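Shown next, in structure tokens, is the structure this report addresses.
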Amino acid sequence: MSATVQATDAPLSDKQRRILEYLEANADSQTYFKSRLIGDELDMSAKEVGANMTAIANSATTVDVEKWGYSSSTTWMVET
């Protein structure tokens, strides 16, 4: 399910920055994140998280994000 993405230097929106900060804070103790659970933590819907994760994955950030699975919510593999 891996997709090749090209990094861009486009600025992240406020929502994208909030998601990125959450991932950076938790990536040392966790590798897989569900959109639904990120949304619960950040007061966003799973759909909002998923839509913004693509921008994070495509930007030049401190984490590598890869869409991993779809069971009950999209799962993302995150590595620092």
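Summarising the amide proton neighbourhood of LYS34: residues at separation of 5 or more, or on other chains, whose placed amide H is nearer than 5 Å comprise TRP76.
Here the stretch 17-63 has 46 percent of its accessible surface on carbon and sulfur atoms, given a 1.4 Å probe and all protein chains in place. Treating each Cα of the stretch 26-67 as one equal point scatterer and applying the Debye formula with no solvent, the log10 of I(q)/I(0) at q = 0.24 Å⁻¹ comes out as -0.89. Restricting the stretch 14-78 to chymotrypsin sites (Phe, Trp or Tyr not before Pro) that sit in a DSSP loop and have at most 12 other Cβ atoms within 10 Å of their own Cβ leaves TYR70. Equivalent ellipsoid of the chain: semi-axes from √(5λ) of the C-alpha gyration tensor, largest first, are 17, 14, 13 Å.
Charged neighbours of LEU23, selected by a Cβ distance under 11 Å, balance to -4 (K, R count +1; D, E count -1). In this structure the chain gives 61 Å² per residue of accessible area when probed at 1.4 Å with all protein chains present.
The values are calculated or read from the model by the stated rules, or taken from the named source; none is laboratory data. Worth saying up front: this structure is predicted, and the values here are computed from it rather than measured. In this analysis, Cβ positions are derived from the backbone assuming ideal geometry, glycine residues included, and neighbour counts consider all displayed protein chains. Remember, those area values only see protein heavy atoms, side chains included, never the ligands or the DNA or RNA. Shrake-Rupley method; radii C 1.70, N 1.55, O 1.52, S 1.80 Å.
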